[in-house]
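These notes are about the structure you will find just below.
The values are calculated or read from the model by the stated rules, or taken from the named source; none is laboratory data. Values in this document were obtained by computation on a predicted structure and should not be read as measured data. Every residue, glycine among them, receives a Cβ derived from its backbone with ideal geometry; neighbour counts consider all protein chains shown.
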């Protein structure tokens, strides 16, 4: 039987010092009330002259992770605000994203996780008076996922061999 998982049991992280010599895993949390992965399935359709019905094939994914984040002193918000303020594009917006399943039983303090290289794309900033200053962003996948484990105490991701 599969256990029901609550949203807080899937934790999302972003490397907020991608130019550094080591990863700084900062949890995507403060200022974010909703985050989902759009898998972007690529479906190929073939229709042959002798067939009444076309054949479809699921060949690839183009994951994208859109979310809104409010400006704050949180490391992820500061990182994203810095990219937007400096109007960074291309390789200057590349970093690494990680998703961790904290509902799983930890092994030596580590939980199942996966990472992928992403670009931070920003679409819109600003909002209503008297409210936090929001940014609409998306993490655009640039690689296949790397499966492994994450130890939240040591902040270390270890790829599965």
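Worth pointing out:
- Residue match in region 133-142 (condition: within 19 Å of residue 8 (Cα to Cα), surrounded by fewer than 18 Cβ atoms within 10 Å (Cβ to Cβ) and either within 14 Å of the chain's Cα centre (by Cα) or in contact (Cβ under 8 Å) with a residue 12 or more places away in the chain (or both)): no
Let's see how each residue does on (1) touching a residue at least 24 places away in the same chain (Cβ under 8 Å); (2) over 22 Å from residue 152 (Cβ atoms):
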position	(1), (2)
9	yes, no
34	yes, yes
62	yes, yes
72	yes, no
89	no, yes
93	yes, yes
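One line per residue, one yes/no per condition, for (1) touching a strand residue (DSSP E or B) at 6+ places or on another chain (Cβ under 6 Å); (2) loosely packed, with under 14 Cβ neighbours inside 10 Å; (3) farther than 17 Å from residue 81 by Cβ; (4) at pLDDT below 95:
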{"site": "7", "(1), (2), (3), (4)": "no, yes, yes, yes"}
{"site": "15", "(1), (2), (3), (4)": "yes, no, no, no"}
{"site": "18", "(1), (2), (3), (4)": "yes, no, no, yes"}
{"site": "22", "(1), (2), (3), (4)": "no, yes, yes, yes"}
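- Unmet requirement for residue 119, which otherwise passes all of (1) in contact (Cβ under 8 Å) with a residue 40 or more places away in the chain; (2) in contact with a strand residue (DSSP E or B) (Cβ under 6 Å, 6 or more places away or on another chain); (3) buried (at least 16 other Cβ atoms within 10 Å of the Cβ): (1)
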